[in-house]
Amino acid sequence: MPAAPEPLKEAERLAALEAYRVLDTEPERSYDDITACAAQLCDTPIALVSLVDKERQWFKSRVGLDATETPRDFAFCAHAILEVGPLVVRDATVDPRFADNPLVTQAPDIRFYAGAPLVTPEGHGLGTLCVIDREPRELDAQRLEALSALARLVVDQLEMRKANAALADALERVRVLEEFLPMCTGCKKVRGDDNTWHSVDEYLWNFSGSPVSHGVCPDCVGVYRGS
């Protein structure tokens, strides 16, 4: 059974997947609704949101399958993320890439597979929205296009997850700034969590990611004018 080759920018792809903070999270209705729609649309007993990790494919959402993950070497989706459009396998038993795959020769007895890649805005294929049947079959062009559209909705959900995580991180940084900050009475540097001392400008930049704008307050205007 030939394993799928790695994408050209595999390290960047894995880093992008990790940035979404989605692996091993609990089921979510927004994803489950999409897989349910995909299964109904394509009239298949199985539909999955599959994410291809370093050594496994993990299912964020699944219909008709009990397993939560499989080895990456067995994953049809590891082949699908290399494609520009959907990967369609009409009969896995006669496809040399999959004929002796344990997922074909044993449960869940895959025969038909169609997977639309989950492609990030940067072009990384994270996994697929896929539909699976236990009988060889076809999928017409309209349904394939609809499957791709649903896959784009999955990516939208992932993007919202990442945006929400970034917002939570920003709010945490604000919370830290609102707490008591140790400041040197002499040079007015601020002590960070790692016990190193920073100028106020540097500290604010490190924790908020924003540069500090300088001006002169009304109390100091006279001092500067008189100097």
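The values are calculated or read from the model by the stated rules, or taken from the named source; none is laboratory data. A quick note: this is a predicted structure, and the numbers were derived from the prediction, not measured. Cβ placement follows ideal geometry from the backbone for every residue including glycine, while neighbour counts extend to all protein chains displayed.
Does E159 satisfy being in a loop (DSSP other than H, G, I, E, B) and either surrounded by 11 or more Cβ atoms within 10 Å (Cβ to Cβ) or at pLDDT 80 or above (or both)?
So E159 does not fit the description; no.
So is L153 part of a helix (DSSP H, G or I) and in the same structural domain as T35 (by TED's automatic domain parsing) or not?
Considered against the rule, which asks whether it is part of a helix (DSSP H, G or I) and in the same structural domain as T35 (by TED's automatic domain parsing), L153 comes out as yes.
Run P121 past the list (1) closer than 24 Å to V155 by Cβ; (2) assigned to a loop (DSSP other than H, G, I, E, B); (3) in contact with a strand residue (DSSP E or B) (Cβ under 7 Å, 6 or more places away or on another chain) and report the number of the one that doesn't hold.
(3)
Looking at L129, L103, L82, L48, which is the one that is among the hydrophobic types (A, V, I, L, M, F, W, C) and farther than 22 Å from V155 by Cα?
Among L129, L103, L82, L48, only L103 is among the hydrophobic types (A, V, I, L, M, F, W, C) and farther than 22 Å from V155 by Cα.
Within segment 126-151, track down each residue that is within 13 Å of the chain's Cα centre (by Cα) and either surrounded by fewer than 15 Cβ atoms within 10 Å (Cβ to Cβ) or of a type in the set (S, T, N, Q) (or both).
Hit for segment 126-151 is T128, nothing else.
Given the criteria at pLDDT below 95 and either part of a loop (DSSP other than H, G, I, E, B) or closer than 30 Å to V63 by Cβ (or both), does R173 qualify?
Considered against the rule, which asks whether it is at pLDDT below 95 and either part of a loop (DSSP other than H, G, I, E, B) or closer than 30 Å to V63 by Cβ (or both), R173 comes out as no.
Show me the strands (runs of 3 or more DSSP E) entirely contained within segment 1-108 in which 1 or more residues are more than 24 Å from E138 (Cα to Cα) and free of Cβ contacts under 8 Å to residues at least 24 places away in the same chain.
Per the criteria, 56-63, 69-71.
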